[in-house]
Every structure is written in structure tokens, then in C-alpha cells.
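The values are calculated or read from the model by the stated rules, or taken from the named source; none is laboratory data. Here the structure is a predicted model, which is why all the values come from computation and not from measurement. Cβ atoms come from the backbone with ideal geometry, glycine included; neighbour counts cover every protein chain shown. Quick note on the areas: whole protein, heavy atoms, side chains included, nothing else; ligands and nucleic acids left out. Shrake-Rupley method; radii C 1.70, N 1.55, O 1.52, S 1.80 Å.
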Amino acid sequence: MCGRTACTLCPEDVSKCCEYKDKQGQRKCPQWRDGDAEKYQPSYNKSPQSNSPVLLSMRHFQKDADSSERVLAAMRWGLIPSWFPETNPSKMQYSTNNCRSDTMSEKTLYKGPFFKGRRCVVLADGFYEWRRQDGEKQPYFIYFPQSEDTKDGPDGGSQRLLTMAGLFDCWEPPGGGGDPLYSYTIITVDASKSMNWIHDRMPAILDGDEEIHKWLDFGEVPAKEALKLIHPIESITYHPVSTIVNNSRNNSPECVAPIILQKKKEPALSASSKKMLAWLQNKSPKKEEPEGVKPAKLSQLALSPKKTSAGLMHQWLKKEGEPSPKKPRR
């Protein structure tokens with residue numbers, strides 16, 4: 001799933017980071033749709049119903065444009081379908097922030113935009129996800145690895161934006177009398193191996209400009225072909241962040257700043273366990289250690305499953321509270 005993002009670049013820098021090559025091989029920075037640069041507000045903590053920068057084909061706004069040409073728009077997070085009958089989009093009863101890749105071609109909410117080619121790329125510095133453990137939730141910030149020697153643009157830039165596959169739609173108030181509302185949903189997939197220990201779902205991330213081109217160019221790439229681009233990826237990184245991000249009203253650099261997690265204290269050892277540990281860490285008089293081998297640490301001993309002295313230590317620690325074995329008579 002994806003329920004919170006960060007996008008902190010100003011509109012001009014978002015455009016620079018989305019630089020691409022057109023069919024003639026010329027480098028271009030997509031321009032913002034009229035008025036949309038003002039609708040987008042940078043934030044360290046974006047939640048659903050806020051406006052985010054979205055990349056899409058120019059042909060959605062200009063029928064005579066080439067479908068490979070790109071434009072930036074500010075869209076509301078949480079898809080409102082074009083057929084929504086109410087006069088107020090806030091009356092939408094379903095959560096449409098995310099849509100599952102395995103059902104988006106079947107569900108009424110999403111199959112219309114999908115088969116009409118209303119595909120978009122949702123841009124962000126990264127997204128937040130919470131790992132549940134022992135009744136607590138620890139947030140992580142997840143993003144593309146950043147390269148030190150890159151230059152401006154998607155192949156570079158002081159920052160490489162995360163590019164998430166999405167669907168969008170355009171809703172107009174029944175009876176007219178209001179502006180069209182463009183909104184989007186983020187497509188999700190099963191989490192990759194590098195991510196599934198945090199959460200079992202993740203956004204469908206497009207890795208590289210070729211994938212972005214195929215997803216956006218609905219005139220050349222049909223829906224079934226584009227669907228092949230939707231899958232988990234491993235090429236992302238993450239770090240734990242402060243729980244300050246849990247409140248969507250908090251909007252500061254502290255939301256994305258890395259933190260060091262406190263390690264849980266090891267249980268105190270009993271007297272018999274301490275004796276066993278001391279015995280294991282001392283050299284045996286009958287065997288000399290090979291050169292270069294260092295005495296094992298407690299953390300290594302306690303985690304080893306093998307039936308070595310470390311394994312015996314692990315078993316011994318499990319038997320805390322049992323009487324110590326009697327020494328044999330000499």
C-alpha cells in the first residue's frame with residue numbers, strides 16, 4: 001500500500017528532474033499544465049486528498065499532440081471516477097488512494113481509466129511505510145538510491161524522483177457549474193523481497209525512462225502491453241524515520257531524516273549462564289585456536305543454530321532457571 005509520500009522540490013525543479021528525450025532525440029523538460037504549478041505545494045508529508053505532481057501524455061489535454069510528449073499536472077490523490085454521481089467529491093465512500101494491479105482491469109472504479117489509456121506517473125521524493133512489530137508501528141522512508149555523480153534529469157539530478165505507476169480520471173460536477181477535477185490512484189503490487197519484511201504491498205515503481213515512456217505513451221503501447229511493466233522491483237532503498245510523520249499535519253525535514261533505532265536490551269544472564277559463557281570464551285587447553293580466528297561474541301553465540309560450542313551456549317541459555325549440572329566426582 002502507499003498512504004503517505006514526500007515531494008519537496010519546487011515546481012521548476014520537478015520539471016528539471018523529469019527531463020526526457022523526445023522522438024527526435026532532443027532533451028526536453030516537461031512543462032506544467034496552465035495553472036497547475038500553483039496548485040502543487042511541496043511537502044515532506046503528503047496525505048491523500050492533497051495535490052501531487054503527476055506526469056502524463058500531452059495528448060490527454062491536446063488531441064493533436066504526439067502521445068509520447070509529456071506534461072506535468074497537479075492532481076488530487078484519491079481517484080474520483082468520471083461517472084461519480086454526487087455533487088461533492090468528498091462524498092466518495094470508497095478508498096481509492098491505491099488500486100491493486102491484479103484487479104484494476106476488472107473493478108468498475110479502475111477498468112475505465114485503465115482501458116482508456118489514462119495512465120500517469122506519480123512523482124515523489126519517496127513514500128512512507130509502517131512496519132508493525134510487537135504492537136508498535138515503525139515508519140520507514142523508501143526511495144530510489146541516489147548517485148553522487150549524476151546531473152540534472154531522470155538519468156541524474158541532485159535527486160532522482162521516485163516514479164510510481166498510477167491511473168487518473170477527470171470528474172465534472174453534475175449539471176456543470178464547476179471546474180473539472182483531475183485525480184489519481186497509485187497502483188500497488190506484492191512487495192519485493194527487499195521490502196516484504198516492512199509490508200506485504202508496495203507501489204508499482206517504474207525504473208528508468210524507458211519504462212516511463214511505455215507506461216505514458218498510450219497511443220503506441222496498448223493496455224495489455226503496459227500491464228507487463230507493473231511488477232515489484234528490488235532497486236530501492238530505505239531508512240527508519242521518526243514517528244513524527246505519523247501525524248500528517250507535521251511537515252518538516254525531520255519527517256524524512258534518518259534515525260537510529262534503539263536495540264532491545266539482551267536479557268540478564270543467570271550465574272550459571274555467565275559461567276558457561278566464560279568457559280566458552282576461554283581457550284581450551286586441549287586445542288589451540290587456528291591463527292586469525294577471534295573469540296566469538298555473545299551475539300554470535302546466541303544466534304548460532306549449529307551444534308558447536310556456540311550452539312551449546314544457545315541451548316544453555318534457554319535452560320535458565322534449571323539447576324546447574326552436578327560436577328562429577330574425581
- Item | Residue check for Pro145: closer than 26 Å to Val221 by Cβ, open to solvent by 60 Å² or more (accessible area, probe 1.4 Å), modelled with pLDDT under 95 and of a type outside the set (Val, Ile, Thr) | no
- Every listed condition ((1) of a type in the set (Gly, Ala, Ser); (2) farther than 24 Å from Ile244 by Cα; (3) modelled with pLDDT of 95 or more) holds for Ser52 save (2)
- Within segment 247-287, count every residue that is open to solvent by 40 Å² or more (accessible area, probe 1.4 Å), outside any loop (DSSP other than H, G, I, E, B) and either modelled with pLDDT under 95 or in contact with a Leu (Cβ under 7 Å, 6 or more places away or on another chain) (or both). 6
- Task: Filter segment 195-232 down to residues that are touching a Pro at 6+ places or on another chain (Cβ under 9 Å) and not in a strand (DSSP E or B), then give me how many there are.
- Result: 6
- Gly177 passes all but one of (1) more than 22 Å from Cys18 (Cα to Cα); (2) in contact (Cβ under 8 Å) with a residue 12 or more places away in the chain; (3) part of a loop (DSSP other than H, G, I, E, B); which number fails? (2)
- Message: Could you go through segment 233-240 and let me know if any residue there is at pLDDT 95 or above and closer than 27 Å to Gly112 by Cα.
- Response: yes
- Message: With the requirement that a residue be touching a helix residue (DSSP H, G or I) at 6+ places or on another chain (Cβ under 6 Å) and among the charged types (D, E, K, R), what does segment 233-263 give you?
- Response: Glu254
- Message: Consider segment 182-222. How many of its residues are open to solvent by less than 10 Å² (accessible area, probe 1.4 Å), hydroxyl-bearing (Ser, Thr, Tyr) and farther than 30 Å from Lys63 by Cβ?
- Response: 2
- Query: What are the residues in segment 180-194 that are under 30 Å from Arg132 (Cβ atoms) and in a strand (DSSP E or B), if any?
  - Reply: Ser183, Tyr184, Thr185, Ile186, Ile187, Thr188, Val189, Asp190
- Does any residue of segment 169-179 turn out to be more than 25 Å from Gln49 (Cβ to Cβ) and crowded, with 20+ Cβ neighbours inside 10 Å? no
- Test: residue in segment 84-106 that is under 21 Å from Val14 (Cα atoms), small (Gly, Ala, Ser) and either in contact with a helix residue (DSSP H, G or I) (Cβ under 7 Å, 6 or more places away or on another chain) or exposed (fewer than 13 other Cβ atoms within 10 Å of the Cβ) (or both): no
- Query: Hey, does segment 29-42 have a residue that's surrounded by fewer than 19 Cβ atoms within 10 Å (Cβ to Cβ), under 22 Å from the mean Cα position of the chain (by Cα) and either among the hydrophobic types (A, V, I, L, M, F, W, C) or within 16 Å of Leu162 (Cβ to Cβ) (or both)?
  - Reply: yes
- Name the residues in segment 55-68 that are in a loop (DSSP other than H, G, I, E, B), open to solvent by 40 Å² or more (accessible area, probe 1.4 Å) and touching a residue at least 12 places away in the same chain (Cβ under 8 Å), would you? Phe61, Asp66
- Task: Hey, could you check segment 9-28 for residues that are in a helix (DSSP H, G or I) and open to solvent by 60 Å² or more (accessible area, probe 1.4 Å) and say which is farthest from Val121 (Cα to Cα)?
- Result: Glu12
